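The values are calculated or read from the model by the stated rules, or taken from the named source; none is laboratory data. What you are looking at is a predicted structure, and each value in this text was computed from that prediction instead of being measured. Glycine also receives a Cβ, built like all others from the backbone with ideal geometry; neighbour counts cover every protein chain displayed.
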Amino acid sequence: MRAYVHVPFCRQKCGYCKFALTPFVREAQVSRYFAALFAEVSAFADAEGDVGKVETLYFGGGTPSAVGVARIGTVIRQFSDRFGMAEDAEITVEANPEDLTPEFCRALLETGVTRLSVGVQSLDDAVLATVGRKDAKTTMAGLKSAFDAGFANVNADLILGLPQEKPKGTLSAMERLHAEFPLTHTSAYLLEEGSYPKNWSGTHADTESVREEFLACRDFLIRKGFVHYEVSNFAKPGHESRHNRGYWERRDVRAFGLSAASLWKGERFENAASFAGYYR
Ligand code: SF4
């Protein structure tokens, strides 16, 4: 089976974010949420019986890395106990760089996580400050910790068109990241229209320049041996995200947690988008 787990907590709310989440990590709230999540997984396992071993498990958010390694490890154990884990299971965790301390990375690797997806977005401190994210130094330190700990399959997310990003800013960030780290995967997202911070009064990115920069990023990655295998995603051959690829192949996925959307046995359904609704 392919499974998705939504972690709707972040340390801060980024200026461009439209996801269903709560922007502060409060222990009591997180504990209650995870208790409900375990109950949802158990109820599904009881009702469905044998659904096959877990082939891919994806922790998305929100910021899964913000809730601590222990919770992620407990969820992985629960999936392993209830469904069994395929030997080559792909287990991905989305992370923000400030959570990637050396201790965190080493402990996360021990839980069985095989793939990290790191939200870099930009390496320009002015851009990062404008959208409410940590600086580039924190990002580079986080990535270093991940590789030092032994993660071999790491994605970096970048966003084109953020407020204040200089012309070719995303391309230079990509070049710098690939010069310093052996990334196996890179995502280059285009900021959606209407996603600028509410109080932003400066100019907006020019669509044509962003288009050209995306193509320059694409050329750069192809020269590095990456394959452009999905709209915004590039990977070294053999490192495509198996989980995300399943969405494009319209394969079943059971998604757990707040607002999580499943395609299961041909039927699409979505969990409640409010905490109260989800707990009910
Ligand atoms: S870390 Fe990600 S999910 Fe959280 S507020 Fe920022 S963009 Fe949104």
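Data overview
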item	result
Residue match in segment 35-55 (condition: modelled with pLDDT of 95 or more, away from the ligand (no atom under 11 Å from the Cβ), assigned to a strand (DSSP E or B) and buried (at least 17 other Cβ atoms within 10 Å of the Cβ))	yes
Those residues of segment 1-30 which are near the ligand (Cβ under 7 Å from one of its atoms) and either of a type in the set (A, V, I, L, M, F, W, C) or not in a loop (DSSP other than H, G, I, E, B) (or both), in sequence order	Cys10, Cys14, Cys17, Phe19, Leu21
Among (1) more than 14 Å from the ligand (Cβ to nearest atom); (2) more than 23 Å from Ser195 (Cβ to Cβ); (3) outside any strand (DSSP E or B) - the single one Gly142 does not satisfy	(1)
Single condition Val113 does not satisfy, out of (1) surrounded by 24 or more Cβ atoms within 10 Å (Cβ to Cβ); (2) under 22 Å from Thr22 (Cα atoms); (3) not small (Gly, Ala, Ser)	(2)
Test set (1) surrounded by fewer than 16 Cβ atoms within 10 Å (Cβ to Cβ); (2) on the phi > 0 side of the Ramachandran plot - Ala276 fails condition number	(2)
Selected residue (criterion: farthest from Ala89 (Cα to Cα)) from residues of segment 150-181 that are surrounded by fewer than 19 Cβ atoms within 10 Å (Cβ to Cβ), in contact with a strand residue (DSSP E or B) (Cβ under 8 Å, 6 or more places away or on another chain) and not acidic (Asp, Glu)	His178
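For every residue, the table says whether it meets (1) closer than 15 Å to Arg218 by Cα; (2) in a helix (DSSP H, G or I); (3) aliphatic (A, V, I, L, M); (4) without any contact (Cβ under 8 Å) to a residue 40 or more places away in the chain.
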| residue | (1), (2), (3), (4) |
| --- | --- |
| Gln164 | no, no, no, no |
| Pro167 | no, no, no, no |
| Ser172 | yes, yes, no, no |
| Glu175 | yes, yes, no, no |
| His178 | yes, yes, no, no |
| Tyr189 | yes, no, no, no |
| Gly194 | no, no, no, yes |
| Trp200 | no, no, no, no |
